[in-house]
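Structure first, then comments.
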Amino acid sequence: MADTLSYNEQTEGWPSYYSFFPEWMEGMNNRFYSFKGGNLHLHNSNDQRGTFYGATSSAIIQFCANKSPLEAKLFKALSLQSDTTWEATVATDEVTGTVLTNYYEKKEGMWFSNIRFNSNSVITKNRSFVGIGNTSATVGGSGATRTFTFASNVPQSIISIGDTIFYGTTPTQGGVISSIVGNVITATGSTLPAVNTAIGLFVMASKNVTAESYGLLGDYAVVTLVEDGTNASELFSVEFDVMKSYP
């Protein structure tokens, strides 16, 4: 992938990358001109941001959050001091999470959101996973319903309706919990274990990451912010709600 880089003579540095690829660039009379396809283009002459030669590109900012690099941390929430919301991808050295633009809530002039795991992330050491135990009977049910029976009552202070069942040594999704009665869990869904699975099947549950935020585990986080609009957007600061992870 090619980039156009800009150089600032006053700071003697390279402040930014750009998505346009001109054939020639020239500054004259405090204006910036470029040539593309043999045509002359005057930059910064309209209100549409991120639009060059008739094509629109996203504004992207990427940085690394690495405070206390020797400590394992939980990156729980993201806040922006900005006049618009930016879609965020937060990738730690362990997992990846996402903040979409409609996840944010505005409070006291800043945009706040929990960081949610990507839906395809199945990492059992995440704090959102809770062990339930081994089944004491064969898996029951039929069609889109399965029942998991255990030797003792399921602790409903930990396991909840709406959690997702995973089973086996190589975790396989077994549906979403629809009811808990005593020592029996009923799960529904399209991806379910075969009926009459052997007794002793190990079962776990993953909390609903939309409703509950356990944070992204990692020593550091690489954050990518994306703004797709063509209107002016000012981003002043980015903050994390981070806590130390205790084993």
Original post:
GNM on the chain, C-alpha springs below 10 Å: top fluctuator among T170, T135, T85?
Top reply: T170
Subject >> Distribution of pairwise C-alpha distances over region 1-109, 10 Å bins, in % >> reply: 10, 30, 29, 22, 9, 1
Original post:
For the chain, what's the relative contact order in percent, using C-alpha pairs closer than 8 Å and at least 6 residues apart?
Top reply: 28
Original post:
Given just the C-alpha atoms of region 129-206, how large is their convex hull per residue in cubic angstrom?
Top reply: 72
**OP:** Could you rank the peptides 216-229, 31-44, 63-76 by their average count of other C-beta atoms within 10 Å per residue, with the highest value first?
**Re:** 216-229, 63-76, 31-44
Subject >> Gain upon complete extension [S19, R31; 0.36 nm per residue less C-alpha separation] >> reply: 2.4 nm
Subject >> Distance in nm between pseudo-label sites at V130 and N231 (7 Å out along the Cβ direction from Cα) >> reply: 4.2
Original post:
What do you get when you divide the Cα radius of gyration of region 4-57 by 2.2 N^0.38 Å, with N the number of residues?
Top reply: 1.17
Subject >> Size of electric dipole in the chain: Cβ of Lys, Arg +1 and of Asp, Glu -1, about Cα centre, debye, nearest 20 >> reply: 1040
Subject >> Taking all pairs of distinct alpha-carbon atoms in region 39-183, Kirkwood radius in angstrom >> reply: 19.9
**OP:** Using only Cα positions of the chain, each an equal point scatterer, no hydration layer, compute I(q)/I(0) via Debye at q = 0.12, 0.17, 0.18 Å⁻¹ and quote the log10 values to two decimals.
**Re:** -0.83, -1.20, -1.27
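Where a number appears in this text, it was derived from the coordinates with a stated rule and is not lab data. Keep in mind it's a predicted model, so treat the numbers as computed, not measured. Cβ sites come from the backbone with ideal geometry, for glycine too, and all protein chains shown count toward neighbours.
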